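The structure under discussion appears below in the form of structure tokens.
The values are calculated or read from the model by the stated rules, or taken from the named source; none is laboratory data. All of these numbers come straight from a predicted model, not from anything done at the bench. Cβ coordinates were reconstructed from backbone atoms using ideal geometry, including for glycine residues, and neighbour counts include every protein chain displayed. To get the accessible areas, we keep the full protein, side chains included, count just its heavy atoms, and leave off ligands, DNA and RNA. Shrake-Rupley method; radii C 1.70, N 1.55, O 1.52, S 1.80 Å.
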Amino acid sequence: MGESQQQPADKNCFHCGLPVPHGVDYCVDINGQSQPMCCLGCQAVARAIIDNGLTDFYKHRTSTSGKAEQLIPDALQQMDLYDQEALQKSFVRSDGEHVREASLILEGIVCAACVWLNERHVQALPGVITFQINYSTHRARLKWDNEQIHLSDVLKAIAAIGYLAHPFDPGRQEAVYRKERSAALKRLAVAGLGAMQIMMLAVPMYAAEKLGMDTSMENFLRWVSLLLASIVVLYSAQSFFQAAWRDIKRKQPGMDVPVALAVSIAFIASAINTVTGEGTVYFDSASMFVFFLLASRFLEMGARHRAGQVAEALIKLLPDTALRLQAGQSQRVAVNELCVGDIVLIKPGEPVPADGVVVDGQSSVDESLLSGESLPVARTLHDELTGGSINVESPLQMRVEKIGQDTRVSAIVRLLERAQSEKPRLAQLADRVARWFVSLLLLLATSVALLWWWIDPTQVLPITLAVLVVTCPCALSLATPVALTVASGRLTRHGLLTTRGHALETLAKVTQIVFDKTGTLTQGKLSVGKIHNFSSHSEAEIRQLLATLEQGSEHPLAQVLAELAQPRAVEALRSEPGGGVEGRIDGKKYRAGKLDFVLEAGMQAPAISGHATLVALADEKQLLACVELHDAMRADAASAVAGLQQMGIKVSLLSGDASGPVRHLAEKLDIADWQAAATPQDKLQRIQQLQQQGEVVAMVGDGVNDAPVLSAANVSIAMGGGTQLAQSSADMVILSESLNSLLAGRNLAIHTLAVIRQNFAWAIAYNVVLVPLAAIGLIAPWMAAIGMSLSSLVVVFNSLRLRRVNMEKAS
């Protein structure tokens, strides 16, 4: 078979029948004739048909074939749409030039083994940076390099192993939940009715000898039981068989493999005994096992949905529409149509549609779901508004500053999802154990069957079934994720956002907390006090020099000084972390910041007493001025520090400020361990020194200078009003701006760790005790079915107790 490059007279594609575009000369020789093809796809399909000796296909077909693109399933074609930038704006966040991050929903997850399989499969794809699934909510966090792999490629890879993934959408999430619940309820109802009817028939069969039942009647009851059990097994247990087959194909046995095996063995053996009229039937055990397992998974599903309600509630805070103002006219538009710079009108009672700044009006807004603050907060001209908060009193006009994935609500949800999908050490250990558990279980069941075949062949089937059914690795895998999801959701409602999976586990073990000063123990709302002028410059000139040097910095001190005057042009502006800034104004070098950074050799330090924070300004020759900055202590700082000390936690204060204000604050808060004039390197060394002494250290800060120190601490906590760099480096964020959230977080963390340990203890004890009992024949298959179902429920409902923990009580 050869291929010609000459274009035949017939201009229609021989394969699909569509016109051949002008200039296209794809051809394939079929039965000695060169036939035209409209594209490489049709040419490739035609080649495959000819190469496989199926040329007669073209003789006997009744219509032309579809194009190659038409052979692709609609679901896969829809996945390609998710690569479009316009569509990705609503759910994809850029993290660098090529790195993208998105939240996905996964359908088809039934156990922890499904989570492990998907994570392993996707992580192996080139270009995927991270892929983590939260078993409680079935949501996944995906980060990938868009240069190496596209989102549609990941979605297709997940579909290839039998699962369905799509971008997270609150409405679709609810639809998935409803669909999942409806299907589960139908299967459960059929299994329950079938099991009850089979049990009613099983009772007289068990007592057939005592009742003197006729053999024909017993056989009749067996056949009726077979019919009812067939419905239960083929319909209600269908999901177990599908999941087990998927696991077997991937050579990764999950929890559904022993379930499907036990149901199959019980049903097939009972069917054979029914046909032959000999032996014992176990239709009741098989149907009860399916019913109890479906019931436990249905209750577990409801618990999972409740556990993930916090993230769902946060996402639903943003409205679907907004009232945009243009040329004096208002127009109701979809929120995803808003652009940065748009002016929107927010009426009383309406939610704020995006992050922005008030340009007209004054009112109060309710931010309780975002920050945990129960009272409305006053907002007026130039104040910031957070998307999702509720306008309470009067109309407000707002200029949109952030939209979509850049809003604060989206950032909170993203951090919360990251925390819930990441696995702490205990969960990683449980996953490793559960991964091998099923294989060991199958090996154990085989050994028990062989042993009982040698001891008493009549007991092989019931005892092997009991061993397969009674074991439950699901309890091990559920021990941590459900508890962490409930606890992190509870803390978010209380104003403390957990952003890392290990944070709660580590917070419960903390022995020392290190605080920064400005913006952490103090309000961070600095005010300019006295300006000490040591030069011939006027005070206005001093203010302008300081404002020019400090423009653009995120440090709280710099932001206050930058507002002293209108800044001028500056060259060679350089920041020294923990020291200050340096730059050239009109060709002359100036420095602003700490005295030891500003003062050149030969310059004398001024004698200024008091507790204010000093910022010095100098040129190349002399010290020009010192500015006093005052910062009030947070109202709850004293109670928070005292509460932590009552818990037995050591408290330290590390600050870059001068000795006077740091000593004054430490004395007011009764903090004995404090250090002033600390550079970021000094803070880092102090943290490492404490860790070398065996302390588990928590660091609380809010500024740019705190970011490296936060990263070094065992658990790091950033203030919600701090810089984005500090928040991204932190394991937890105090959204409520209340330091008392630390007390609540510590208390709940201790309870969470205790619940996780209880879950592990139960899961291990259950399997250690019941598996040997089943192996020696003391547990019947129906008893094993009940025990297996209850084991998972105990873990789930024990974790849900965290919803009722008193977080205010010190531990």
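Taking the accessible area of region 641-795, probe 1.4 Å, and keeping the other protein chains in place, the carbon and sulfur fraction comes to 58%. If the chain linking Val99 and Leu450 were pulled fully straight, counting 0.36 nm for each residue of separation and taking away their Cα-Cα distance, it would gain 120.9 nm. Counting heavy atoms of the protein chains alone, Val340 has an accessible area of about 90 Å² for a 1.4 Å probe.
Solvent-accessible area per residue in region 730-806 equals 37 Å², computed with a 1.4 angstrom probe and all protein chains kept. Positive contributions from Lys and Arg (+1) and negative ones from Asp and Glu (-1), summed over other residues with Cβ under 11 Å from the Cβ of Ile403, come out at -3.
Extension gain for Lys347-Thr321 works out to 8.1 nm (0.36 nm per residue, less the C-alpha to C-alpha distance). When peptides 284-290, 325-331 are sorted by average Cβ neighbour count within 10 Å, with the highest value leading, the order is 284-290, 325-331.
Computed from the C-beta positions of Asn806 and His532 and an R0 of 56 Å, the FRET efficiency is 0.65 to the nearest 0.05. Applying a DSSP loop filter and a limit of 14 other Cβ atoms within 10 Å to the trypsin sites (Lys or Arg not before Pro) in region 514-561 leaves Lys525.
Expressed as a whole percent, the accessible surface of region 559-600 that belongs to carbon and sulfur atoms is 45, based on a 1.4 Å probe. Spatially, region 604-625 and region 679-696 are offset by 30 Å when compared through their Cα centroids.
Note on Thr464: accessible area approximately 20 square angstrom, rounded to 10, probe 1.4 Å, nucleic acids and ligands left out.
Positive contributions from Lys and Arg (+1) and negative ones from Asp and Glu (-1), summed over other residues with Cβ under 14 Å from the Cβ of Ser659, come out at -1.
If R0 equals 30 Å, the separation of the Cβ atoms of Lys179 and Asp80 corresponds to a calculated FRET efficiency of about 0.80. Counting only protein heavy atoms and using a 1.4 Å probe, the accessible area of Glu278 comes to about 120 Å². Protein heavy-atom accessible surface, 1.4 Å probe, per residue over region 542-688: 46 Å². Net charge around His382, counting only other residues with Cβ within less than 13 Å of its Cβ (Lys, Arg = +1; Asp, Glu = -1)? After counting each charged neighbour, the total is -3. Taking 0.36 nm per residue of separation and subtracting the current Cα-Cα distance, fully stretching the chain between Ser394 and Ser264 would add 40.2 nm.
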